[in-house]
Ligand SMILES: NC(=O)c1ccc[n+]([C@@H]2O[C@H](COP(=O)([O-])OP(=O)(O)OC[C@H]3O[C@@H](n4cnc5c(N)ncnc54)[C@H](O)[C@@H]3O)[C@@H](O)[C@H]2O)c1
């Protein structure tokens, strides 16, 4: 799907026009491609106080072939190239007074940040602070990072990861994700990791090699992109959609070397049929992506039961029933299984005319949070992804004005692409993402809705 | 003399199938060619079983109505599909028996160990059917093509007469009798005293059985939509005996005519394909085995001079196959008798029940007997789906294999298909 405005604003004529009129100039985002280096330039790593993660992160970056720079000295001197990432280890924070050192590190570094740069802050969770002052300092980072994200330009993003004591071993996967092109449209987000047992190191190029992944709603849109990214990362994809979409589903499966399974996920026997299929054909499943979703918009006062029920059935009840059946079926959901549920920005911010949809999508967020401990017991994870404005056939049919406004009211000033949602889901599905559990990751370019 | 089955050949497994929804002539697939439909059907099968880039033992398919440019129809379809281009293919044609005959051919090669896997299929379009020109015009055109000078060309063109410009549209008629297949069936219906109401009842049951099967998702892994069609567009879930009773007969003459547009299959476009394999290959690929093809038999009758009905050959094939396998007609859990016409199904069953016929024509001491009608065409057949000639066999084989698989191991199913030219093909599947 083309973004005509972004392309125009980046043309030489468009640059002149948009500058003179003071119009936004949405950047062409740095997106992941296999074989790409983690970062297109060096990273600056600094800390506020005595951080415990700085060395781990620096080592991780060096392993990934990234040149690690020291922070600018007091007189502003720096060593060479402009950084592609600025990483602050804020685990040393004790009081709000310490925050000034965060400012001292970030300001000069961010000033020099390249286009499509990354700002990443690592901190302890406020809930585990020793004192109210420490909790305040940690929570302050939340406001700080969200504001930085809004100030950044040229496709750069800022995100925050809370790392509780004991969860240090879990950070490699999220840190790598947020620095890489996979997180192009994830901006202004705050997430937590937890302690988890990590499986043996995986193949960087094919992190999902040997995995069997089910993707529902895979015939088109975001689901088709998820299937493609999963296959690119090495998974065998079982692409699921309703039989009426079977021709496009077959095309998707053939394109990516996966298999097509025509199944209405709301059918009474859908969980059983899916489980039998997985058992018979693959002996089990590693990854399940609940992506299928529908909208049946109407103001609440005008909404009939059919609209309400169909949205609930597809968007929420089917996810619950299939997940429960997988948990109950002996040996089908394999060790280190990953379940990713597609929620929506509407589930966080609400949306006029979408009471049914927003309720179902908010329900998904509650569901993954509640299930996370059960999954952790099985060395598995369950997370949600909440897309913002994603450019698909569905949005292409929206009226021009609504679509243009919808796609611009975020910090990256553009709509996301299906691949952005897909990359986030593929990341959550990696064996190395064992420490990310019960989270809802927004893929919305830091949308102003529900922020 | 009755032959016996050789015990040391392995049985070919039926892994699964795919078809596109069948469409009445000149409707949804009016612009699609046989190659378009067969290729789409193969691609749906490939997606279902993850066969992208694979080299199979062979792909065998055919069409009854075929353009001369489609001389290599199946191979061309394979080349256009996602299979490896190194998968060999060939065309077969045995009228409405094509699809089942193709499955028998592939199964036999698997049984003999000559191949490990293969696809059998069939396709037909009555919308994009080849048009032939009359012999007179054909001769003029050939001499025009051979003419060297402008003058010769003009001379050749001058021989064209307006009457020659009307193309010969292929008809569903027997070359040796000039009778439409329906007219032949009407003769048999009259001979066997097949009533109007029982034909309409059979048609209604076919529609309601198939509609129910669609509704319960039975066809989810047997059909892939094509050109905007997700279900057979001949299917009438709300058809009733009362409604059908109002229709005028279209075949047969006068008072006794019973065959209408509803209890006869319409001209239809569509394609089907079945994946067959050795058990070993299926296991290696992690693919299911729905059923095995146990045995098959073809027969032909002399409908021109021999006094037998055009579509009665399966009646003759059946006792031969049953005897070879030590089975009676009642030893089956499902019967799939192709509904070319409701009257054909009913005449076939009646013949097997008739002691005189079984003795004089089939040489049997006792009739084959009646079957339990509740086991007949349980998920609908050709009266509901329609009948794209060469595609019907593949539809039935895949559908029956799935029924047997659902019913559990050790279940037996029987297929009976009549074909133009006085031929018939029957087969046994077992889960
Ligand atoms: N496009 C956006 O901007 C956006 C934003 C937020 C959330 N989402 C969510 O992302 C997901 C994918 O959205 P999309 O834009 O790609 O939508 P889409 O309509 O293009 O695709 C959804 C797919 O789900 C399938 N589906 C619907 N009901 C089904 C059922 N009962 N069984 C099996 N499959 C079924 C559809 O056939 C379709 O192929 C949905 O959950 C949607 O709510 C999308």
If you take every DSSP beta bridge fully contained in chain B, what fraction is antiparallel? Give it as a percent rounded to 5. 75
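Tell me the mean residue ellipticity at 222 nm calculated for chain B from its helices only (DSSP H runs of n ≥ 4, each -39500 (n - 2.57), averaged over every residue, nearest 500).
Calculated mean residue ellipticity at 222 nm is -10500 deg cm²/dmol.
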One finds, for residue A:448 and residue B:54 with R0 = 56 angstrom and r their Cβ-Cβ distance, a FRET efficiency to the nearest 0.05 of 0.65
Mean other chain Cβ within 10 Å across B:39-52 is 5
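Using a ≥ b ≥ c from the Cα gyration tensor of the protein assembly as shown (square roots of the eigenvalues), is it rounded, prolate or oblate, where a/c under 1.5 gives rounded and otherwise the larger of a/b and b/c decides, a/b for prolate?
Prolate shape, in that a/c is at least 1.5 and a/b is the bigger ratio.
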Taking A:89, A:204 and counting other C-beta atoms within 10 Å, the order from fewest to most: A:204, A:89
Sort A:344-353, B:152-161 for me by packing, meaning the mean count of neighbouring Cβ atoms within 10 Å per residue, highest on top. A:344-353, B:152-161
Take peptide A:257-264, look around each residue's Cβ out to 10 angstrom, count Cβ atoms belonging to other protein chains, and average those counts. 6
For the stretch A:212-443, rounded, prolate or oblate, judged on the Cα gyration tensor with a ≥ b ≥ c (square roots of eigenvalues), a/c < 1.5 rounded, else prolate if a/b > b/c? rounded
Given an 8 Å cut-off on Cα distances and at least 6 residues of separation, report the relative contact order of chain A as a percent. 15
Points 7 angstrom from Cα along the Cβ direction at residue B:243 and residue A:313: gap in nanometres? 2.4
At 7 Å along Cα-to-Cβ for each site, give me the label-to-label distance between residue A:25 and residue B:30 in nm. 5.4
Average partner coverage of B:219-226, which counts Cβ from other chains inside 10 Å: 6
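Could you estimate the translational diffusion coefficient of chain A from the Stokes-Einstein equation, with Rh from the Kirkwood formula over C-alpha pairs, at 4 °C and 1.567 mPa s, in whole µm²/s?
For the chosen part, D equals 57 µm²/s.
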In deg cm²/dmol, rounded to the nearest 500, the helical mean residue ellipticity at 222 nm of chain A, built from -39500 (n - 2.57) for every DSSP H run of length 4 or more, is -11500 deg cm²/dmol
Which order do peptides A:226-232, B:85-91 fall in by mean Cβ count within 10 Å, highest first? A:226-232, B:85-91
So what's the angle, to the nearest 10 degrees on a 0 to 90 scale, between helix A:355-377 and the longest Cα principal axis of chain A? 80
Beyond 30 Å, what share of the Cα-Cα pairs of chain B remains, rounded to the nearest whole percent? 42
In angstroms, what radius of gyration and Dmax does the stretch A:31-192 have, counting Cα atoms only? 14.6, 46
For chain B, what does the relative contact order come out to in percent, with C-alpha contacts under 8 Å and a separation of six or more? 27
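Work the Kirkwood hydrodynamic radius out for the stretch A:369-441: mean of 1/r over every pair of different alpha-carbon atoms, inverted, in Å.
On the way: mean 1/r = 0.0715 Å⁻¹.
Averaging 1/r across every pair of different Cα atoms and inverting gives 14.0 Å.
Order the peptides A:335-342, B:17-24 from the highest to the lowest mean number of other Cβ atoms within 10 Å of their residues.
B:17-24, A:335-342
FYI, it's all coordinate maths here, none of it is from the lab. Because the structure is predicted, anything quoted here is derived from the model rather than measured. A quick note on method: Cβ atoms are made from the backbone with ideal geometry, for glycine too, and the neighbour counts reach across all protein chains shown.
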